[in-house]
Amino acid sequence: MTTIRNCFVFILTVSTAIVLFHAVAHATHVTSSTNVFITAQVCDGGCPTTGTGGTGGTGGTGGTGTTGTGGGGGGAGGSSSSSSSTTTTTGMQTTVNFSGMGYPSSKVVILEDGTQVITTVSDPSANFSASLTGIAAGTYTFSVYTTDSSGLHSVSYSFPVFVTAGTTVNIGGIILAPTIDVDKSEVIHGENEAIFGYSVPNSTVNISVHSDTEHIVKATASASGAYLYNFDTTPLELGTHNAQSHAILTNQVSATTDPVSFVVGDQDVAKTKTATSSCGGLVGDINCDGKVNLVDFSVMAYWYKKGATPPDNVDLNGDGKVTLIDFSILAYHWTG
């Protein structure tokens with residue numbers, strides 16, 4: 001195996017054809033416990049290579065006349081990898097296929113370098129698949145996220161991928177992270193705090209409650225993907241605590257959710273509504289164009305510190321006003 005800085009070059013041999021493709025080594029949010037499979041399509045007549053064929057030029061050493069020139073013929077093979085066209089001379093389109101699991105019948109969004117390019121819906125078993133075709137060769141950062149039936153947004157699963165012209169890259173085994181929420185913003189010490197959300201169906205959901213001592217409990221997601229754990233707050237100290245979760249399905253582990261906070265105190269206070277969007281679940285998409293960008297920022301800015309109560313889809317944390325907290329939520333869900 002030949003090593004290139006920051007990349008691995010894999011050689012896949014099928015009969016007499018050799019195909020080269022890259023998998024970028026550092027991928028944000030991709031851990032060793034998450035399976036990401038990257039493969040390349042074999043083209044009749046040879047797919048574009050990355051230029052390693054150029055080493056053949058040393059064959060002329062020591063020869064004379066036509067013998068010396070014959071050995072160097074392999075050196076020109078790598079030049080086709082610099083092409084930015086979406087198809088090769090053999091007519092093969094560049095394609096990236098995505099597949100994995102989210103929540104049953106939930107919207108799945110795929111972004112390319114922060115821009116939404118695909119929206120699909122997972123099937124009733126939570127499987128999803130989608131294809132992006134006709135892209136130019138180069139390095140891209142792809143992100144995938146989903147939303148549950150309550151409008152809660154999973155954390156994005158993001159990874160960089162180098163795409164060679166004329167190849168098909170299959171990114172599979174994606175397990176999207178759960179969502180998480182609590183039923184009370186403040187709970188009386190010793191009473192239960194309900195921790196719930198959605199996950200891959202029938203997965204084990206590990207819930208971590210951060211205190212002076214971390215408390216880890218387990219819940220099992222139902223066939224619908226819903227999970228619930230009534231956490232006994234007796235061992236917790238008075239004050240603010242955070243809960244997070246991740247899913248485990250056989251040997252596959254999802255990313256960890258963002259933390260959700262609650263207070264252990266002397267009263268029960270029901271949590272205010274969770275931020276949702278009237279546009280079908282994309283938090284911060286105020287104008288319903290399928291994106292969170294400067295247009296939504298401008299609408300939110302209009303309502304900033306206004307005396308009147310803002311619309312529900314602008315008041316993202318549901319406290320009856322637009323503050324810096326709402327802008328922070330908007331920034332988190334930014335798609336550009």
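If r is the Cβ-Cβ distance from S129 to L324 and R0 is 51 Å, what FRET efficiency results, to the nearest 0.05?
Numbers: r = 39 Å, r/R0 = 0.77.
So, using R0 = 51 Å, E works out to roughly 0.85.
How large is the Rg to Rh ratio of the range 293-336 when both quantities use alpha carbon positions and Rh follows Kirkwood? Could the numbers behind the result be given before it?
Working: Rg = 9.5 Å, Rh = 10.3 Å.
Looking at the range 293-336, the ratio lands at 0.93.
Provide the packing ranking of 166-172, 133-139, 198-204, i.e. peptides ordered by the mean count of other C-beta atoms within 10 Å per residue, highest first. Walk me through the numbers on the way to the answer.
Values: 166-172: 21.0, 133-139: 13.6, 198-204: 24.0.
The peptides rank, most packed first, as 198-204, 166-172, 133-139.
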- Set K107/K305; K107/K321; K184/K321; K218/K291 screened for pairs whose C-alpha atoms are more than 26 Å apart: K107/K305; K107/K321; K218/K291
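On full extension of the chain, what length is gained from W334 through T213, given 0.36 nm per residue of separation minus the C-alpha to C-alpha distance? Can you show the working numbers first?
Working: separation 121, 0.36 × 121 = 43.56 nm, distance 3.40 nm.
Contour length minus the Cα-Cα distance gives 40.2 nm.
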- How much accessible surface does D113 have with a 1.4 Å probe, in Å² rounded to 10? 90 Å²
- Note on the structure: Put Y140, Y332, Y304 in order of accessible area, largest first, probe 1.4 Å, and you get Y332, Y304, Y140
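Tell me the Kirkwood hydrodynamic radius of the range 135-196 in angstroms, computed as one over the mean inverse distance between distinct C-alpha pairs. If you can, show how the numbers build up before the last one.
Values: mean 1/r = 0.0661 Å⁻¹.
Its Kirkwood hydrodynamic radius stands at 15.1 Å.
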- Note on the structure: Rounded to the nearest 10 Å², the accessible area of H210 using a 1.4 Å probe with every protein chain kept is 70 Å²
- For D258, other-chain or 5+-apart residues with amide H closer than 5 Å (H placed, Pro excluded) are V155
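Cα gyration tensor of the range 194-259, axes a ≥ b ≥ c as square roots of the eigenvalues: rounded (a/c below 1.5), prolate (a/b > b/c) or oblate?
prolate
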- Task: Extending each Cα 7 Å along its Cβ direction at T119 and Y302, get the distance between those two points in nm, one decimal.
- Result: 2.1 nm
- Task: Go through the range 172-183 residue by residue and turn each phi into a ³J(HN,Hα) via Karplus (6.51, -1.76, 1.60, θ = phi - 60°); whole Hz please, and just put x for glycine and proline.
- Result: x, x, 6, 10, 6, 5, x, 9, 8, 7, 10, 8
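The values are calculated or read from the model by the stated rules, or taken from the named source; none is laboratory data. Just so it is clear, the structure is predicted and the values come from calculations on it, not from any experiment. Every residue, glycine as well, gets a Cβ built from its backbone with ideal geometry; the counts of neighbours run over all protein chains shown. The accessibility values were calculated without ligands, DNA or RNA, using every heavy atom of the protein model including side chains. Shrake-Rupley method; radii C 1.70, N 1.55, O 1.52, S 1.80 Å.
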